[in-house]
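*Asks:* Take a look at this one; I'll ask things after.
The values are calculated or read from the model by the stated rules, or taken from the named source; none is laboratory data. Keep in mind it's a predicted model, so treat the numbers as computed, not measured. Here Cβ is always computed from backbone atoms with ideal geometry, including for glycine, and neighbour counts include all displayed protein chains.
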Amino acid sequence: VARKLSMESESESEKGGKVRSRIMVFVRLRPMNKKEKEGGSRCCVRIANCRDLYLTEFPNENDYLRLNRLRGRHFTFDAAFPDSASQQLVYSTSTSELVEGVLQGRNGSVFCYGATGAGKTYTMLGTVENPGVMVLAIKDVFRKIRQKSCDGNHVVHLSYLEVYNETVRDLLSPGRPLVLREDKQGIVAAGLTQYRAYSTDEVMALLQQGNQNRTTEPTRANETSSRSHAILQVVVEYRVRDAAMNIINRVGKLSLIDLAGSERALATDQRTLRSLEGANINRSLLALSSCINALVEGKKHVPYRNSKLTQLLKDSLGGTCNTVMIANISPSNLSFGETQNTVHWADRAKEIRLKVSDATEDQLSVPETETDQAKLVLELQKEN
Ligand code: ADP
Ligand code: MG
């Protein structure tokens with residue numbers, strides 16, 4: 001009975017937390033590393049105004065010295081993060097809105113993709129000193145729950161799993177592969193650990209440990225595999241009262257996905273995709289490409305069943321889920337081909353429309369976005 005009073009009403013819980021009608025697409029440039037610098041790399045990417053990206057294969061000496069002049073192919077994204085952007089800025093721009101939605105019973109997902117070494121794991125997991133999106137999101141979930149109620153109405157569960165070579169493994173409790181089953185809620189990994197989390201403090205260690213459990217490739221000892229996908233699921237459950245004062249359960253799920261290295265596997269058209277299928281390329285990543293192509297083209301049939309990854313993400317891609325893509329790129333001209341593929345794919349992902357009944361139409365360059373844009377530029381200036 002005591003709980004009754006502090007429980008939010010349904011209408012209240014519906015406020016805020018925007019529903020988007022398309023995938024939000026961000027690009028993040030990482031700093032040039034030592035090896036690239038020593039190898040005499042030139043920078044082939046320039047980011048301006050936190051949203052414009054210029055890409056050129058042959059930056060000349062002058063461009064290299066005075067990057068502001070770098071022209072080349074121009075792309076625009078919801079935001080483009082220069083190499084100076086902090087983890088916090090990336091999180092608050094890309095993901096904090098999704099966390100708000102999850103606390104209102106909506107699903108959200110964030111994908112990091114890009115070639116091996118482009119900064120996906122740094123963006124998602126980060127380091128102890130500079131925690132990434134996964135940790136910052138969980139922190140935010142707890143902070144927002146504390147603001148909403150202090151009666152234990154919200155329950156948070158974490159699952160961390162890996163898809164490697166079409167095998168699903170529990171990263172929190174390594175052991176036998178997990179079997180995917182279809183139940184009322186959709187596809188579930190049977191026996192997956194659902195770790196009940198009470199605070200942020202325990203989480204970073206848990207995730208670091210989980211990441212250690214990721215499959216490493218025999219040929220690349222001590223390196224986290226470039227062919228493994230890691231998925232962190234943050235599930236928030238709570239109760240609300242509807243208009244008739246009945247108690248109903250709500251569940252919101254946030255999926256944070258560190259994809260396998262995209263080298264050679266990002267296809268933006270069906271023909272390239274088919275030719276790639278013959279090569280020994282990550283099936284789950286190809287299947288994700290196919291699903292995205294189908295969603296972009298507005299096809300009725302989206303081939304989720306083609307891989308373990310897409311089965312697991314069926315309720316996290318398209319549909320009524322808020323989806324964010326973060327494309328990670330290296331600045332070095334030595335990685336130009338991969339960077340170009342990644343940027344093209346990101347450009348294409350902007351076209352995916354989400355079928356959300358109460359969605360507002362989001363377009364790039366609407367005035368509202370420009371205000372957000374100006375804020376973002378200011379934030380970045382403050383950081384530097
Ligand atoms: P990926 O997961 O895409 O293979 P990583 O995230 O492991 O790549 O990044 C490769 C290296 O670059 C790591 O040592 C990482 O710490 C570093 N790195 C990546 N992005 C950044 C960044 N934005 N700032 C600083 N270091 C970064
Ligand atoms: Mg990685």
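*Asks:* Show me the strands (runs of 3 or more DSSP E) found entirely inside region 24-134 where at least 3 residues are touching a residue at least 60 places away in the same chain (Cβ under 8 Å) and within 16 Å of ligand 2 (Cβ to nearest atom).
*Replies:* 108-113
*Asks:* Test each condition in (1) more than 13 Å from the chain's Cα centre (by Cα); (2) surrounded by fewer than 24 Cβ atoms within 10 Å (Cβ to Cβ); (3) touching a residue at least 40 places away in the same chain (Cβ under 8 Å); (4) away from ligand 2 (no atom under 16 Å from the Cβ) for Ile138 and report the one that comes out false.
*Replies:* Every condition holds for Ile138 apart from (2).
*Asks:* Kindly provide the set of residues from region 159-206 that are in contact with a Gly (Cβ under 7 Å, 6 or more places away or on another chain) and closer than 21 Å to Asn306 by Cβ, ordered by number.
*Replies:* Scanning region 159-206 gives a single hit, Leu178.
*Asks:* A follow-up question, please. Just one of (1) of a type in the set (D, E, K, R); (2) more than 16 Å from ligand 1 (Cβ to nearest atom); (3) closer than 26 Å to Leu285 by Cα trips up Lys120, so point out which.
*Replies:* Of the numbered conditions (1) of a type in the set (D, E, K, R); (2) more than 16 Å from ligand 1 (Cβ to nearest atom); (3) closer than 26 Å to Leu285 by Cα, the odd one out for Lys120 is (2).
*Asks:* Right, something else. Only one residue in Asp78, Asp52 is within 23 Å of the chain's Cα centre (by Cα) and farther than 30 Å from Ile145 by Cβ, so which one is that?
*Replies:* It is Asp52.
*Asks:* Of the numbered conditions (1) assigned to a helix (DSSP H, G or I); (2) buried (at least 16 other Cβ atoms within 10 Å of the Cβ), Ile187 fails exactly one; give the number of that condition.
*Replies:* (1)
*Asks:* Another question, if that's okay. Could you list, in sequence order, all residues of region 95-117 that are of a type in the set (A, V, I, L, M), modelled with pLDDT under 95 and within 16 Å of ligand 1 (Cβ to nearest atom)?
*Replies:* Matches in region 95-117: Ala115 only.
*Asks:* Further question on the same structure: Could you tell me whether Gln208 is surrounded by fewer than 18 Cβ atoms within 10 Å (Cβ to Cβ), in contact (Cβ under 8 Å) with a residue 12 or more places away in the chain and either on the phi > 0 side of the Ramachandran plot or not in a strand (DSSP E or B) (or both)?
*Replies:* yes
Let's see how each residue does on (1) modelled with pLDDT of 90 or more; (2) within 15 Å of ligand 2 (Cβ to nearest atom); (3) surrounded by fewer than 23 Cβ atoms within 10 Å (Cβ to Cβ); (4) more than 23 Å from Thr320 (Cβ to Cβ):
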position	(1), (2), (3), (4)
Asn222	no, yes, yes, yes
Ser225	no, yes, yes, yes
Arg241	no, no, yes, no
Leu256	yes, yes, no, no
Leu259	yes, yes, no, no
Arg264	no, no, yes, yes
Asn282	no, yes, no, yes
Leu286	no, no, yes, yes
Cys291	no, no, no, no
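*Asks:* A follow-up question, please. Taking the residues in region 158-206 that are closer than 30 Å to Lys144 by Cα and among the β-branched types (Val, Ile, Thr) as candidates, determine which candidate is farthest from the chain's Cα centre (by Cα).
*Replies:* That would be Thr193.
*Asks:* Considering every residue within region 136-146, establish whether at least one is more than 30 Å from Arg283 (Cα to Cα) and either assigned to a loop (DSSP other than H, G, I, E, B) or among the acidic types (Asp, Glu) (or both).
*Replies:* Within region 136-146, one or more residues are more than 30 Å from Arg283 (Cα to Cα) and either assigned to a loop (DSSP other than H, G, I, E, B) or among the acidic types (Asp, Glu) (or both).
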